[in-house]
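Below is one structure; the comments refer to it alone.
Where a number appears in this text, it was derived from the coordinates with a stated rule and is not lab data. Keep in mind the model is a prediction, meaning the values are calculated, not measured. Quick reminder, even Gly has a Cβ in these numbers, built from the backbone with ideal geometry, and neighbours come from all protein chains shown.
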Ligand SMILES: CC1(C)C(=O)N([C@H]2C=Cc3c(O)cccc32)c2nc(Nc3ccccc3)ncc21
């Protein structure tokens with residue numbers, strides 16, 4: 001999803017109505033502010049919840065423009081998003097649907113793409129890159145453990161929230177994987193695609209995410225792509241050769257890790273557990289206290305957690321029915337009640 005510049009104040013992107021302060025464009029309980037992204041048959045708007053005043057990002061899809069295959073892909077993306085609850089993955093709050101339109105209300109990552117950050121600020125220090133990469137690895141491990149493979153990991157899909165935490169976005173190419181069952185769809189963005197994908201070979205799933213993560217790590221610490229080319233054929237040849245330049249400023253440990261991830265033969269490529277145990281990842285290992293906070297974050301995200309009574313009482317004070325809310329959350333209905341609950345929980 002490419003990012004578009006911010007439009008005028010009321011942010012209408014040439015849509016039918018032009019909202020403004022007195023009569024803003026509304027979708028459900030949300031006031032639409034401006035367009036932040038545009039894909040084929042989809043637009044992403046920044047919006048604000050009228051009751052909780054929380055900023056959200058709403059992906060608006062015109063289903064009438066989609067063929068059977070893309071419609072199936074869209075519903076699989078929604079099904080997968082509903083399964084994911086992790087600090088470093090964009091949260092889905094609410095789904096609204098009409099005959100032709102689908103509205104996905106999600107967490108808004110205020111600082112935008114890591115790609116833009118690198119484009120503006122240049123490469124990251126290895127210390128900063130390590131912190132971001134730990135968050136990325138934690139989120140991807142969470143997906144793989146749930147038999148989900150992302151297949152389009154790239155700097156453009158790694159967003160940053162207001163605190164600079166990584167939020168993985170765009171599960172449009174994600175799918176379910178299992179050992180022994182092969183996938184073969186050509187997915188993702190060419191500079192991040194694994195050699196076996198270029199060769200059209202069958203793959204299991206996690207190993208193509210590992211290759212893309214190797215490219216992501218290279219981009220974070222080098223500020224450039226490891227494999228590039230004037231044409232797709234030139235890029236393909238570079239990827240299949242597995243050869244890439246190591247800048248003088250890269251530490252030996254970081255080079256060692258990247259070389260273990262960017263291995264052409266998928267059976268020899270390292271797995272997520274080896275990445276987590278690598279020297280570079282453990283350098284300046286977070287102190288025990290920080291470590292427990294790190295683990296705690298992962299535990300806090302189980303979807304079947306009990307409903308937070310304090311939030312229900314706060315909602316009651318806002319005039320929102322707590323009984324209906326509890327039901328919506330427990331049945332994962334992704335409706336208005338559940339959205340208000342999640343928006344208040346996340347603050
Ligand atoms: C709903 C969701 C996940 C989404 O679909 N997008 C789009 C929209 C722009 C874009 C992109 O430029 C790259 C990836 C995803 C996207 C989102 N963008 C943001 N923040 C943002 C803020 C400033 C610039 C770019 C993105 N937060 C959440 C989302």
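Shape call for the range 79-129 from the C-alpha gyration tensor, a ≥ b ≥ c root eigenvalues: rounded (a/c under 1.5), prolate (a/b greater than b/c) or oblate?
prolate
Which values of log₁₀ I(q)/I(0), to two decimal places, follow from the Debye formula for the range 212-291 at q = 0.18, 0.19, 0.20, 0.26 Å⁻¹ with a uniform point scatterer at every Cα?
Those come out to -0.80, -0.87, -0.95, -1.35, one per q.
For residue 184 and residue 332, FRET efficiency with R0 = 35 Å and r from the beta-carbon atoms, rounded to 0.05? Could you put the intermediate results ahead of the total?
Working: r = 31 Å, r/R0 = 0.89.
E(calc), rounded to 0.05, equals 0.65.
Rounded, prolate or oblate, given the Cα gyration tensor of the chain, with a/c below 1.5 counting as rounded? If you can, show how the numbers build up before the last one.
On the way: a/c = 1.74, a/b = 1.49, b/c = 1.17.
It is prolate, given that a/c is not under 1.5 and a/b is the larger ratio.
Can you pull the one-decimal nm distance between simple spin-label points at residue 176 and residue 50, each 7 Å off the Cα toward Cβ?
For the pair residue 176/residue 50, the computed spacing is 3.8 nm.
At 222 nm, what value in deg cm²/dmol follows for the chain if DSSP H runs of at least 4 each add -39500 (n - 2.57) and the sum is divided by all its residues, to the nearest 500?
Working: 13 runs with 136 residues, N = 347.
So the calculated ellipticity at 222 nm is -11500 deg cm²/dmol.
State whether the range 129-198 is rounded, prolate or oblate according to the following rule on the C-alpha gyration tensor (a ≥ b ≥ c being the square roots of its eigenvalues): a/c under 1.5 gives rounded; otherwise a/b larger than b/c gives prolate, and the remaining case gives oblate. Don't skip to the end; give the middle numbers.
Numbers: a/c = 2.21, a/b = 1.56, b/c = 1.42.
Judged from the Cα gyration tensor, the range 129-198 comes out prolate (a/c at least 1.5, a/b above b/c).
Anyone know which of 161, 67, 265 comes out most mobile in the 10 Å Cα GNM of the chain?
Among 161, 67, 265, the largest mean-square fluctuation in the Gaussian network model of the chain belongs to 67.
Quick one: Cα centre-to-centre distance for the range 161-177 and the range 59-86, in angstrom?
15 Å
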